[in-house]
Amino acid sequence: MNATMYYSDYLQLDKVIDSQEPVSFKEGNIPAHDEMLFIIIHQAYELWFKQILFELDYVLKVFDKQEINDNSEDLNLVLHRLRRIIRIFELLNQQVSILDTMTPLDFLEFRNLLTPSSGFQSTQFRLIEATLGLQMQNRHQSGYYKRTGEGGFNKQDYERINQREAAQNLSQLVNNWLERMPFFEEQFWKNYNPLFHDETTAHVFWNDYRQVYKAGLTERETNKIIDFDYVFFNKIPADATNERLNNLRSSFSAKALRAALFIMLYRDFPVFQTSYQVLDALIEIDHLMSNWRHKHLIMVRRMIGMRVGTGNTSGAGYLEGALNRHYVYRDIAGLSTYLIERRNLPKLPDDLIKYLSFNVG
Ligand code: HEM
């Protein structure tokens, strides 16, 4: 045993356990019992945020590589790390119920002492959002978010967030990774037997797929083929309204979305399984963050009703807007709009199957 190693030294508990200083406990104030819980729960969140950022950093590094074999250790580790992030978010969602043991009146005893600080200023939370790929232009009240005045960020945190936003984020790297997928290269499709005589797209597979998809649409859904052409082939419909295009517009390229849909369709091929699970994990992380936003919003409504937040937003109104808009992988999740029944899937050409099988292991 290492004689110099001591539990509390190793964990630096003198720093961690000694870092709670409730303002209401200070001289001149009336001690509010629940302020200790309020501080500890925020600190626990921030520690887990740190771990999430640590895992995300690793994932970014892997996706930053030009070559990632779909069945390599790299991609499996990415999946492992993403799944760890999922578990952490599950825990973070459960933690809200501990805070629920504080009543609105308990909170009122110290709430005014916190102004203008707020969870809004959680730099690590902003770094998680920015690393996952939440774009400025997709934020609810983006002008409000980026500020250094009262209730905003201090200069140093502001810089850190700016730097993170300027660097490549995970969603861009995933986009590039998907774009590099080689499945549609001509060499694999020379011996493919097309099901239809259609040349709407530049690829035999997509011509067939498009026809099968179109045939499967119900009368009320016929417009979806126009969306399909826009989402996967950037074809702008003649009568498209801006609103409709805005709804369909994605931060992922058409090429990347084609690859993602292909992975979802043929996920039963072993070579696609890890890639599919990586996409699924990203969707799950988005989902769990949105769950957290929802739980936090409900808790905030109960705690402060319709009062403004200590960070000076409209409070629950702001949080609701953020909940509705702050998704990153919604377009990947939304690909299920364009799935077809398994039994109607075009049979892949042997050359491609051979290539895919060689890539296993
Ligand atoms: C009594 C408990 C809480 C109340 C009343 C509360 C209230 C609020 C309000 C009103 C906002 C909007 C910004 C503002 O105007 O202040 C906000 C944002 C935020 N809070 Fe809390 N909060 C509580 C607990 C927590 C906890 C435990 C965390 C954990 C870290 C947290 C993290 C955040 C984050 C990250 C935001 C920004 C959300 C976004 O922009 O989407 N809050 N909170």
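Bear in mind these aren't lab numbers, they're just calculated from the coordinates by the rules spelled out. Fair warning: this is a prediction, and the values are worked out from it, not measured in the lab. As a convention, Cβ positions derive from the backbone with ideal geometry for all residues, glycine included, and neighbour counts pool all protein chains shown.
More than 21 angstrom separation, counting every C-alpha pair in the range 81-230; what % is that? Mind dumping the intermediate values first?
Numbers: 7725 of 11175 pairs.
Within the range 81-230, distances greater than 21 Å cover 69 percent of Cα pairs.
Find the percent of Cα-Cα distances in the range 57-106 that exceed 18 Å, and round it to a whole number.
51 percent
So what is Rg over Rh here for the range 1-47, counting just Cα atoms and using Kirkwood for Rh? Working shown, then result.
On the way: Rg = 14.7 Å, Rh = 12.6 Å.
When Rh is taken as the Kirkwood radius, the ratio is 1.17.
Could you state the per residue volume, in Å³, of the convex hull enclosing the Cα atoms of the range 1-150?
Details: hull volume 30.0 nm³, N = 150.
Spelled out: Cα convex hull of the range 1-150, divided by residues, is 200 Å³.
Taking the beta-carbon count within 10 Å as an exposure proxy, list 161, 85, 41 from fewest neighbours to most.
41, 161, 85
Based on a Kirkwood Rh over C-alpha pairs, give the Stokes-Einstein translational diffusion coefficient of the range 207-361 at 20 °C and viscosity 1.002 mPa s in µm²/s.
Numbers: Rh = 18.5 Å.
The Stokes-Einstein estimate is 116 µm²/s.
Looking at the chain, which longest stretch skips every one of the GluC sites (Glu not before Pro) that is in a DSSP loop with at most 12 other Cβ atoms within 10 Å, leaving the sites themselves out?
Working: sites that count: 27, 67, 150, 185, 199, 341.
Longest site-free region, per DSSP loop and neighbour criteria: 200-340.
Projected area of the range 189-289, taken from the Cα convex hull and averaged over every viewing direction, in nm²?
With every direction weighted equally, the projected area is 8.6 nm².
At a 10 Å Cβ-Cβ cut-off, how would you order 224, 235, fewest neighbours first?
With the sparsest Cβ surroundings first, the list reads 235, 224.
From Cα pairs below 8 angstrom and at least 6 apart in sequence, can you work out the relative contact order of the chain, rounded to a whole percent?
24 percent
Evaluate the Kirkwood expression for the hydrodynamic radius of the range 113-172, namely the inverse of the mean inverse distance over all pairs of different C-alpha atoms, and round to one decimal in Å. Could you put the intermediate results ahead of the total?
Working: mean 1/r = 0.0837 Å⁻¹.
One decimal place: 11.9 Å for the Kirkwood radius.
If you scale each eigenvalue of the Cα gyration tensor by 5 and take the root, what three semi-axes come out for the chain, rounded to whole angstrom and sorted largest first?
46, 26, 17
Relative to the longest principal axis of the chain, what angle (0 to 90°, nearest 10) does the C-alpha long axis of helix 316-325 take?
Approximately 20 degrees, to the nearest 10.
To test your reading of the geometry: what angle, between 0 and 90 degrees and rounded to tens, separates the Cα axis of helix 170-179 from the longest principal axis of the chain?
Helix 170-179 sits roughly 10 degrees off the main axis of the chain.
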